[in-house]
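Colleague: Quick one: the structure is below, and I'll ask about it shortly.
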Amino acid sequence: MTRQTRWWMDRTAYQIYPRSFADSNGDGLGDIPGIIGRLDHLADLGIGLLWLSPVYRSPMADNGYDISDYRDIAPEYGTLADFDRLVAEAGRRDIGIIMDLVVNHSSDRHPWFLEARRDRDSPFHDFYYWRDPAPDGGPPDNRRAYFGGPVWTFVPEVGRYVFTLFSPQQPDLNWQNPALRRAVHDMMRWWLDRGVRGFRMDVIDLIGKDIDRDLIAEGPYLHGFLQEMHREVLAGRDVVTVGESWNVSRDTALLYCGRDRGELDMVFQFQHIVAGWDETHGKWRPRPLDLVAFKKVWADWQEALQDDGWNSLFLNNHDLPRSVSRYGDAGQWRERSAKALATAVHLMRGTPFVFQGEEIGMTNAGFTAITHYRDIELINMHREMLEQGLPEHQFLEGAGITARDNARTPMQWDAFPGAGFTTGDPWIAINPNHDRINVAAQRDDPGSVLAHYRRLIALRKRHEVIVHGRFVPCLEDHPQVWAYAREGNNRRLSVLCNISSDPARAEVPPGLAVRGTGLIATAGPRDAIAPGPILLEPWEAVAVLGAPG
Ligand code: TEU
Ligand code: CA
């Protein structure tokens, strides 16, 4: 069962969205000294990897995913000296820092772009994608950007359009240019030399595009560029890499993370997320959870990467709604549903990523007016969807379920005003439920969501079958129950979760039956899962390790 083992494989990762994590100086924005002050929370959870969303210097049009200096820290978040202290303090707790590498685009205030837009003959002009206007002076074509509006932004100084896939403040970098690629490689080595242990690569599937043939996602040059990056930067350094790809499928996954590809260690894929989106209005008209379809995506990925590659496991990040609101029951069963979802996800094969606040069962923001939101995507799409005739109340209803700001309200540390996040005026509203849902209230409570996460994270370190065991899906057609077994060395770990607020009846098949020790449970403990009929309480989840049968 044991295959190639890497230092990070039994670790659980934690994502920090720095703007919303901990504010040390009362300006309402989270910062690096704030993170350092809360590292013991991560250590106490058992976290071994810390993915830090961008902390680079940035005009913050997209909260740091628009970088104006790749080798400096945003002054509102701290200094390079603070960053070095963070690396050292995390290292003392055996937590490796994963930097967010955002190189599909830069900020339009990056010196490269300022030069590029000043002069067509500057060597930096070719760091971006430019095209001349159409004969009528309009954009070269009518493609649309991800954050609304045309994909082309006119730049009067040079009389040309620049390609901007996200917002006009985020012009795409031209990866065809070897000088640009060298600059990125240099920059990556510079951070590795500072002690970071890896990278999360923002929309990495977009860097190999051919814009003239409209081959954008997983474009023809993608894997060549990733292999070059590996040769130039990663080879010989024992780091961990995860590439964000909204377009990767089971058929292409191993091109990124196959053992002998020399590219990445794993990808963030989103097929389980988009399975819940509307065909035409996307996430703005979300559909309720279809558990059978949802489980199938997870099982398919587990099976596709069974013998090669590696999965990332997540329900939350800074772009997604809170999982307990989206897939759980944020009312009566909030705690138990948060635990049940975590159990189902954490006991699969791969690296679990916990997003700040998930470990205490934080919920969606509850915003009801456009003025509550801060996110550039939401504000731009609001305008665009209303122009297209979607009634505002419908847009706001969808946003209430899936908007990115649902994940970005401040971390809830305690019940005091400011939630222990800030003593000042927070940049985005704090969820009023911080009086009930907060770290301080859960820290010493063995029945808390926090304690449940602590246990799951510890189990992964203790039991090799969680890291390497084969994944076997069970009860695939059951509309309420998520079940699977993990197998290796004649041992079986059976995981059985009721993903609903009603009791669930199921018929345990022989492949799920097990006798041994209950490792974790959200309701009463069980030491065996016997073949035949079983009745599960609402959101009851249980994992039993032992002998098959
Ligand atoms: O996200 C990639 C991306 O495509 C998202 O815009 C996604 O489509 C959207 O959030 C779904 O609603 C990455 C970052 O994670 C995101 O925060 C950035 O805004 C984006 O890239 C641009 O850098
Ligand atoms: Ca601050």
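Colleague: Contour minus end-to-end for residue 214 and residue 462, with contour as 0.36 nm per residue of separation and end-to-end as the Cα-Cα distance?
Modeller: Additional length available on full extension: 84.5 nm.
Colleague: Taking the mean number of other Cβ atoms within 10 Å as a proxy for protection, how do you rank 175-186, 478-489 from highest to lowest?
Modeller: 478-489, 175-186
Colleague: Given the Cα-Cα distance of residue 118 and residue 280 and 0.36 nm per residue of separation, how much length would full extension add, in nm?
Modeller: Stretched out fully, the residue 118 to residue 280 stretch lengthens by 54.4 nm.
Colleague: Still on this structure, I have one more. Per the helix-only calculation at 222 nm, which mean residue ellipticity applies to the chain, given -39500 (n - 2.57) for every DSSP H run of n ≥ 4 and division by its residues, nearest 500 deg cm²/dmol?
Modeller: Mean residue ellipticity, 222 nm, calculated: -7500 deg cm²/dmol.
Colleague: Counting only residues 5 or more places away or on other chains, whose amide H sits under 5 Å from the amide H of residue 101 once H atoms are built in the peptide plane?
Modeller: Hits under the 5 Å cutoff: 200, 201, 202.
Colleague: Based on the Cα coordinates of the range 460-501, what is the per residue volume of their convex hull in Å³?
Modeller: Per residue, the Cα convex hull of the range 460-501 comes to 66 Å³.
Colleague: Still on this structure: Using the C-alpha gyration tensor of the chain, what are the square roots of 5 times its eigenvalues, in whole angstrom, with the largest one first?
Modeller: 39, 26, 24
Colleague: Measuring from the lowest to the highest alpha carbon on each principal axis, how far does the range 339-403 reach, largest first, in angstroms?
Modeller: 45, 21, 19
Colleague: Take the alpha carbon atoms of the range 420-479, find their center, do the same for the range 77-111, and report the distance between the two centers in whole angstrom.
Modeller: 25 Å
Colleague: Something else: Taking every pair of distinct Cα atoms and averaging 1/r, then inverting, what Kirkwood hydrodynamic radius in Å comes out for the range 146-267?
Modeller: One decimal place: 15.6 Å for the Kirkwood radius.
Colleague: Name the residue farthest towards the positive end of the dipole of the range 380-519 from the options 488, 381, 407, assuming +1 on Cβ of Lys and Arg, -1 on Cβ of Asp and Glu, about the Cα centre.
Modeller: Toward the positive end, the furthest listed residue is 488.
Colleague: Oh, and also: For the range 444-549, count all C-alpha to C-alpha pairs, find those more than 16 Å apart, and express that count as a whole percent of the total.
Modeller: Across the range 444-549, Cα pairs with separations above 16 Å total 56 percent.
Colleague: Another question about this same structure. Between the DSSP loop rule and a limit of at most 16 other Cβ atoms within 10 Å, which trypsin sites (Lys or Arg not before Pro) in the range 258-327 are left?
Modeller: Counting only loop positions with at most 16 other Cβ atoms within 10 Å, the trypsin sites (Lys or Arg not before Pro) in the range 258-327 are 259, 261.
Colleague: Round to the nearest 10 and give me the degree value, 0 to 90, for the angle of helix 392-402's Cα axis relative to the longest principal axis of the chain.
Modeller: 60 degrees
Colleague: With a 1.4 Å probe and every protein chain left in place, work out the accessible area per residue of the chain in Å², rounded to a whole number.
Modeller: Using a 1.4 Å probe on heavy atoms only, each residue of the chain averages 37 Å².
Colleague: As I understand it, the dipole of the chain uses +1 on the Cβ of Lys and Arg and -1 on the Cβ of Asp and Glu, about the Cα centre. Which of 156, 314, 372 lies farthest toward its positive end?
Modeller: Going by the charge dipole, the pick is 314.
Colleague: Of all DSSP beta bridges in the chain, what percent run antiparallel (nearest 5)?
Modeller: Among the beta bridges of the chain, antiparallel pairing accounts for roughly 65 percent.
Colleague: Taking Cα pairs under 8 Å and at least six residues apart, what relative contact order does the range 247-305 come out at, in percent?
Modeller: That works out to 26 percent.
Colleague: Give me the lysines in straight-line cross-link reach of residue 295: C-alpha distance below 28 Å, same-chain residues under 8 apart excluded.
Modeller: 283, 339, 461
Colleague: Also: Considering Cα pairs under 8 angstrom that are at least six residues apart, work out the relative contact order of the range 118-224 and quote it in whole percent.
Modeller: 18 percent
Colleague: Each label point is 7 Å from the Cα along the Cα-to-Cβ direction; what then is the distance between the points at residue 379 and residue 246, in nm?
Modeller: About 1.9 nm separates the two model spin labels.
Colleague: Expressed as a whole percentage, what fraction of the accessible surface of the chain belongs to carbon and sulfur atoms when a 1.4 Å probe is rolled over the protein heavy atoms?
Modeller: C and S fraction of accessible area: 49 percent.
Colleague: Which peptide among 145-151, 212-218, 131-137 comes first, and what is the full order, when sorted by highest mean count of other Cβ atoms within 10 Å?
Modeller: Result, highest mean Cβ count within 10 Å first: 145-151, 212-218, 131-137.
Colleague: Compute the distance from the alpha-carbon center of the range 51-69 to that of the range 156-195, in whole Å.
Modeller: The range 51-69 and the range 156-195 have Cα centres spaced 14 Å from each other.
Colleague: Another one. Enter the angle in degrees (range 0 to 90, nearest 10) between the Cα long axis of helix 178-193 and the first principal axis of the Cα atoms of the chain, meaning the one along which they spread out most.
Modeller: Taking Cα atoms only, the helix is inclined about 50 degrees.
Colleague: Excluding residues on the same chain fewer than 8 positions from residue 296, give the aspartates and glutamates whose Cα lies under 12 Å from its Cα.
Modeller: Candidates past the 8-residue exclusion: 476, 477.
The values are calculated or read from the model by the stated rules, or taken from the named source; none is laboratory data. All figures in this text were calculated on a predicted structure; none of them were measured in a lab. Here Cβ is always computed from backbone atoms with ideal geometry, including for glycine, and neighbour counts include all displayed protein chains. Accessible surface is based on the protein model in full, side chains and every heavy atom, while ligands, DNA and RNA are left aside. Shrake-Rupley method; radii C 1.70, N 1.55, O 1.52, S 1.80 Å.
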